[in-house]
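Everything below concerns the one structure shown next.
The values are calculated or read from the model by the stated rules, or taken from the named source; none is laboratory data. In this text, all values refer to a predicted model and were calculated from it rather than measured experimentally. Methodologically, a virtual Cβ is constructed for each residue, glycine included, from the backbone with ideal geometry; neighbour enumeration extends over all protein chains shown.
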């Protein structure tokens, strides 16, 4: 639908107050008198013709409403006939009662199927009989429906005038019927059904009985015709109401379009984001609008085709109960707006959703430009920390502050690299972009380096030390997030925490080398696509990290046992050492310790509780023995 212009305004006012036809010439005459140009006059003529068509349509619908209302009032005189099922049941009941038959029933013709089906029965006991359908010309009823003539038989199964079929005969046999009288329900020149009276014994129906049943059939036909007229009247009134509702809906849509235009303008001027656009459109269109694609959730697979068609046509597209409007810029798909909860949209509301998609694309482009500039600044700062260790710490802190980063807080360095690259430069660019997004959201830094990406992220503080993030947990999380973002396996190695990168810029380069070694170790061990720090490699971590944290390794491995000895005054560490020295034999261990074998068993059970049930597995046993040796060395016992 074309948008309204200035020429439409006077005619909308004339329509609103129901002005007579002659007044529709005044805007054109006034414009000519004022010396308006041909373009303006042509636009006014177009608006006049459109307004006159709308006025004629409204007048025609008003006349139709008046005619149908009068028809409805006339049909109201047949108030007792509005419930068609009750009327037909009453006629069938009266037929059975007056003719004194065992069964009475009524069938109606099905024009589409070309047969007649049972509608109402009384006295019937057979479910098959109540569901039977008769083809035209089949059985007594089919013959009545075909010829529009009454038929009667004293003994149905002995009467050769009728076309007997197995299905009809089986149904009549189940009901036990013998004598049957059928008369047509005639409406105009056509037959719409058959009214029957039947007995379960041989019987001769008198002429008066046939005439009586025919009269009842005429009443049934009138009742059906009346009900059909009432239904047509209700349908016509519903159509008229729908037309009026369409006009009201269109007016409301224009108001909503004006409202959303004002809201979007205000939103852009005050620096709102794409989620604010979605909220504004959700409110105006009374539905739920989501932004998908870009850095939001991906486009749902079942709506990908709708988004593609919207991108191609530049229009909002409906698929199922969802409307999709592609967000594009220069042919590039940036995302889409998805509207749910509003399955029907008029042209004005569709245009409103499309306009919101256009505003969203402008906001995304502006944000992308700002984000790219910030990514460059973060990468340059991290490059200086890695390559220029003698930079002035004060200047580093100032540059970091502009990026909302605190280089005096503990940080960890992570080295990330895509495994099995399919498109080298493109894959590395996606990795750097995803890492830059993580760095920006966590107030860290990211830069492309050595075929991968390096990140410097603050180690998050936590009130509960047992649940606080570590270098290992951070590496695993970043590997998952980067892998999901680039849809490829990303291996991430992490360094031990760097206390204050600004105070000691050179420490960042050392930490980066440590993170690289951890990543290389993961790939060498066949664990590509994972994340880990030195602590995850057990005693191998002592070789990978620059810290050479012997005490940390010992504490992580047998710290629970040593602490238990300190608290309880036990000798679990000595027992553990003797157990391994004795070839993991409890008997030889009790000889070495000069205790009873039951004492050894009790101590080993306590050790299992402290170290876990798998402490005797080959991998754990090797690390525990190394930790015991380092523990003895640190205590000066070797």
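Any residue in the stretch 111-133 that is under 19 Å from residue 224 (Cα atoms), surrounded by 16 or more Cβ atoms within 10 Å (Cβ to Cβ) and over 54 Å from the mean Cα position of the chain (by Cα)?
No, that holds for no residue.
Quick check on my filter: what residues within the stretch 174-202 are more than 15 Å from residue 121 (Cβ to Cβ), crowded, with 22+ Cβ neighbours inside 10 Å and without any contact (Cβ under 8 Å) to a residue 60 or more places away in the chain?
Once the filter is applied, which keeps residues that are more than 15 Å from residue 121 (Cβ to Cβ), crowded, with 22+ Cβ neighbours inside 10 Å and without any contact (Cβ under 8 Å) to a residue 60 or more places away in the chain, the stretch 174-202 yields 183, 184.
Among 100, 135, 114, which is farther than 14 Å from residue 195 by Cα and in contact with a helix residue (DSSP H, G or I) (Cβ under 8 Å, 6 or more places away or on another chain)?
On the way: 100 fails: in contact with a helix residue (DSSP H, G or I) (Cβ under 8 Å, 6 or more places away or on another chain); 114 fails: in contact with a helix residue (DSSP H, G or I) (Cβ under 8 Å, 6 or more places away or on another chain).
None of the other options fit; the residue is 135.
Only residues that are more than 15 Å from residue 85 (Cα to Cα), within 52 Å of the chain's Cα centre (by Cα) and in contact (Cβ under 8 Å) with a residue 24 or more places away in the chain: list them for the stretch 97-110, please.
Passing the criteria: only 109.
Using the structure shown, decide if residue 94 is in contact with a helix residue (DSSP H, G or I) (Cβ under 9 Å, 6 or more places away or on another chain), closer than 25 Å to residue 187 by Cα, in contact (Cβ under 8 Å) with a residue 60 or more places away in the chain and in the same structural domain as residue 209 (by TED's automatic domain parsing).
Working: in contact with a helix residue (DSSP H, G or I) (Cβ under 9 Å, 6 or more places away or on another chain): yes; closer than 25 Å to residue 187 by Cα: yes; in contact (Cβ under 8 Å) with a residue 60 or more places away in the chain: yes; in the same structural domain as residue 209 (by TED's automatic domain parsing): yes.
Yes, satisfied.
Scan the stretch 563-584 and tell me whether some residue there is assigned by TED's automatic domain parsing to the domain that holds residue 611, at pLDDT below 85 and closer than 30 Å to residue 510 by Cβ.
The answer is no, given that none of the residues of the stretch 563-584 is assigned by TED's automatic domain parsing to the domain that holds residue 611, at pLDDT below 85 and closer than 30 Å to residue 510 by Cβ.
Identify, from the list 419, 423, the residue that is modelled with pLDDT of 80 or more and farther than 20 Å from residue 471 by Cα. Full working, then the answer.
Numbers: 423 fails: modelled with pLDDT of 80 or more.
Going through 419, 423 in turn, just one is modelled with pLDDT of 80 or more and farther than 20 Å from residue 471 by Cα: 419.
Taking the conditions exactly as written (in contact with a strand residue (DSSP E or B) (Cβ under 9 Å, 6 or more places away or on another chain), crowded, with 18+ Cβ neighbours inside 10 Å, more than 17 Å from residue 279 (Cβ to Cβ) and modelled with pLDDT of 80 or more), does residue 400 satisfy them or not? Let's see the steps before the verdict.
Numbers: in contact with a strand residue (DSSP E or B) (Cβ under 9 Å, 6 or more places away or on another chain): yes; crowded, with 18+ Cβ neighbours inside 10 Å: yes; more than 17 Å from residue 279 (Cβ to Cβ): yes; modelled with pLDDT of 80 or more: no.
When the stated conditions are applied, residue 400 does not pass them.
Looking at the stretch 145-173, which of the residues that are buried (at least 20 other Cβ atoms within 10 Å of the Cβ) and either modelled with pLDDT of 90 or more or under 55 Å from the mean Cα position of the chain (by Cα) (or both) is farthest from residue 202 (Cα to Cα)?
145
What helices (runs of 4 or more DSSP H), lying completely within the stretch 102-181, carry at least 2 residues that are under 21 Å from residue 91 (Cβ atoms) and in the same structural domain as residue 193 (by TED's automatic domain parsing)? Walk me through how you get there before you give the answer.
Working: elements: 127-130, 139-147, 166-175.
Once the helices (runs of 4 or more DSSP H) in the stretch 102-181 are filtered for at least 2 residues that are under 21 Å from residue 91 (Cβ atoms) and in the same structural domain as residue 193 (by TED's automatic domain parsing), what remains is 127-130, 139-147.
Can we say residue 525 is out of contact with any strand residue (DSSP E or B) (no Cβ under 8 Å at 6 or more places or on another chain), at pLDDT below 70, surrounded by fewer than 23 Cβ atoms within 10 Å (Cβ to Cβ) and over 30 Å from residue 598 (Cβ atoms)? Give the derivation first.
Values: out of contact with any strand residue (DSSP E or B) (no Cβ under 8 Å at 6 or more places or on another chain): yes; at pLDDT below 70: no; surrounded by fewer than 23 Cβ atoms within 10 Å (Cβ to Cβ): yes; over 30 Å from residue 598 (Cβ atoms): yes.
Here the answer is no, as residue 525 does not meet what is asked.
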